[in-house]
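The values are calculated or read from the model by the stated rules, or taken from the named source; none is laboratory data. From a predicted model like this one, the values you see are computed outputs, not experimental measurements. Reconstructed Cβ throughout: ideal geometry from the backbone, glycine too, with neighbour counts over all protein chains shown. These area figures cover heavy atoms from the full protein model, side chains too; ligands, DNA and RNA do not enter into them. Shrake-Rupley method; radii C 1.70, N 1.55, O 1.52, S 1.80 Å.
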Amino acid sequence: MRAAVVDRYGPPEVVTLREVPRPVPGENEVLVRARATTVNSGDARVRGINVPGGPLFAFLMRLSLGFDRPKQPVGGFEMAGVVEAVGPGVSAFKPGDRVVGSHGFRFGLHQEYATFGKDDVLAHIPDGLSDEDAVAVLFGGTTSVMFFRACALKAGESILINGASGSVGTMAVQIAKSMGAEVTAVCSAANVVLVRSLGADHVITYDREDFTRNGKRYDVIMDNHGNAPFSRVKGALAPDGRHLMVIFDKLSTFVSAKWNKQVVEVSQDDDAWSSATYAHLLDLVARGVIRPVIDSSYDFEDIAEAHRRVDAGRKAGSVVVTFA
């Protein structure tokens with residue numbers, strides 16, 4: 001089978017398709033044939049060691065991920081596909097089932113087949129939902145659910161979402177609105193129509209207005225961009241407000257957050273990352289509560305171009321990769 005392999009850190013050109021052994025499902029494992037995956041900011045950052053926090057954080061990431069090359073050469077956070085085979089002990093899935101799955105931050109899903117075991121996430125795709133739409137909601141949707149649970153977002157609260165047009169932001173706007181929050185979205189002028197169509201009550205274009213200086217206060221501020229750290233936005237938070245640090249701009253921001261009770265962060269081991277959360281997100285899509293936002297779609301042969309699109313920093317929604 002083919003896999004998109006990264007054997008050295010660098011630009012999108014380092015992503016190459018290679019033949020690798022096809023996995024065989026063991027006990028309690030499910031083998032899935034891929035139909036769609038995504039290239040998200042995590043894939044691109046790992047590939048290029050293009051991380052917030054400066055050189056020191058990049059060095060620490062190399063120590064964790066592999067100093068000269070990734071220990072895990074195949075990226076890919078999530079996959080949609082069809083169950084090809086199941087190992088002994090599997091009863092919840094059968095060959096022919098349409099599913100979405102993830103290995104989490106172990107990646108490994110930019111390939112034509114993958115196995116999923118008890119430590120992975122796997123959920124059925126509802127009838128009528130395409131593979132591309134199913135996979136497009138997972139990364140941003142799960143991130144949003146994790147942070148909203150961690151900050152205990154409630155109906156009637158006001159939330160400002162900075163970076164509202166990316167894969168996380170487009171899901172955050174819709175999920176927060178479905179929870180009954182009053183949503184203010186911050187995005188570029190080019191994405192105002194999109195963000196309004198997702199249900200935002202108010203939209204601020206960052207090149208025309210600084211939301212930290214308009215005198216308004218919010219119960220929750222979610223930073224998906226990295227340019228709205230607590231130190232910048234604290235004056236725009238209500239007295240008991242919470243700052244969701246989805247991404248940070250520099251290492252000092254990350255460190256200072258550890259001692260600030262108003263700053264909310266989550267762990268990759270958060271129990272909201274689960275098969276139940278995937279099923280919940282897909283149910284929201286099936287019922288029309290939220291909708292996938294796909295920026296662009298590429299054939300697997302062109303996955304390097306998908307990385308290039310993410311690197312450009314102008315995507316709106318998810319970048320999807322499809323398999324023949």
Legend entry - Max mean-square fluctuation residue, GNM over the chain, Cα-Cα springs under 10 Å, options Ser297, Ser231, Ser102: Ser231
Legend entry - Among 234-241, 39-46, the order from most to least packed when residues are scored by Cβ within 10 Å on average: 39-46, 234-241
Inset, instruction - For Lys261, go through the aspartates and glutamates and keep the ones whose alpha-carbon is under 12 Å away, minus same-chain ones fewer than eight residues off. - result: Asp240
Legend entry - Highest-MSF residue in the chain out of Leu282, Leu244, Leu194 [GNM, Cα springs under 10 Å]: Leu194
Inset, instruction - Quote to one decimal, in nm, the extra length available between Lys261 and Val289 on full extension: 0.36 nm per residue of separation minus the C-alpha distance between them. - result: 6.9 nm
Legend entry - Set of region 297-313 residues, backbone N closer than 13 Å to the point 7 Å along the Cα-Cβ line of Ala324: 299-302
Legend entry - Within the accessible area of the chain (1.4 Å probe), percent carbon and sulfur: 51 percent
Legend entry - Tensor-based shape of region 188-253 (alpha-carbon gyration tensor, a/c under 1.5 rounded, otherwise prolate or oblate): prolate
Inset, instruction - Compute the Rg to Rh ratio over region 1-151 from the alpha carbon atoms, using the Kirkwood formula for Rh, and round to two decimal places. - result: 0.99
Legend entry - Calculated SAXS-style log₁₀ I(q)/I(0) at q = 0.15, 0.24, 0.26 Å⁻¹ - region 17-97, Debye, Cα scatterers: -0.72, -1.10, -1.20
Inset, instruction - Assuming 0.692 mPa s and 37 °C, estimate D for region 119-238 with Stokes-Einstein, Rh taken as the Kirkwood radius over Cα pairs, in µm²/s. - result: 220 µm²/s
Legend entry - Net length gained if the chain between Arg208 and Met1 were fully extended (0.36 nm per residue, minus Cα distance): 69.6 nm
Inset, instruction - Would you work out the relative contact order for region 183-316, in percent, from Cα pairs under 8 angstrom that are 6 or more residues apart? - result: 15 percent
Inset, instruction - Could you rank the peptides 285-291, 7-13 by their average count of other C-beta atoms within 10 Å per residue, with the highest value first? - result: 285-291, 7-13
Inset, instruction - First obtain the Kirkwood hydrodynamic radius of region 132-175 from its Cα pairs, then insert it into the Stokes-Einstein equation at 4 °C and 1.567 mPa s, and state the resulting D in µm² per second as a whole number. - result: 120 µm²/s
Inset, instruction - Give the dimensionless ratio obtained when the Cα radius of gyration of the chain is divided by 2.2 N^0.38 Å. - result: 0.98
Inset, instruction - Compute the separation of the alpha-carbon centres of region 47-85 and region 7-25 and state it in Å as a whole number. - result: 12 Å
Legend entry - Cβ crowding within 10 Å averaged over residues, with 128-134, 180-186 ranked highest first: 180-186, 128-134
Inset, instruction - Let me know the charge dipole size of the chain about its Cα centre in debye, to the nearest 20, where only the beta-carbon of Lys, Arg (+1) and Asp, Glu (-1) is charged. - result: 820 debye
Inset, instruction - Work out the FRET efficiency for Ser274 and Phe67 from their Cβ-Cβ distance, taking R0 = 25 Å, and round it to the nearest 0.05. - result: 0.20
Inset, instruction - Give me the aspartates and glutamates in straight-line cross-link reach of Lys118: C-alpha distance below 12 Å, same-chain residues under 8 apart excluded. - result: Glu27, Glu29
Inset, instruction - Between Ala92 and Asp240, with labels modelled 7 Å along Cα→Cβ, what's the label distance in nm to one decimal, could you check? - result: 3.6 nm
Legend entry - Surface per residue (accessible, 1.4 Å probe) for the chain, Å²: 44 Å²
Inset, instruction - Considering Cα pairs under 8 angstrom that are at least six residues apart, work out the relative contact order of region 137-190 and quote it in whole percent. - result: 42 percent
Inset, instruction - For region 112-187, state the semi-axes of the equivalent ellipsoid (square roots of 5 times the eigenvalues of the alpha-carbon gyration tensor), sorted largest first and rounded to whole angstrom. - result: 27, 14, 12
Inset, instruction - Count charges around Asp311 for me, please; just the other residues with Cβ under 12 Å from its Cβ, Lys/Arg as +1, Asp/Glu as -1. - result: +3
Inset, instruction - Would you work out if region 262-307 is rounded, prolate or oblate? Take a ≥ b ≥ c from the square roots of the eigenvalues of the alpha-carbon gyration tensor; rounded if a/c is under 1.5, else prolate when a/b is larger than b/c, oblate otherwise. - result: oblate
Inset, instruction - Please sort by residue number the trypsin sites (Lys or Arg not before Pro) in region 191-229 whose DSSP state is loop and whose Cβ has at most 12 other Cβ atoms within 10 Å. - result: Arg208
Legend entry - Residue of Gly96, Gly48, Gly166 that the Gaussian network model of the chain assigns the largest fluctuation, springs spanning Cα pairs under 10 Å: Gly96
Legend entry - the chain: calculated mean residue ellipticity at 222 nm from DSSP helix runs of at least 4, using -39500 (n - 2.57): -8000 deg cm²/dmol
Inset, instruction - Determine the relative contact order of the chain: mean sequence separation of Cα pairs under 8 Å and six or more apart, normalised by residue count, in whole percent. - result: 20 percent
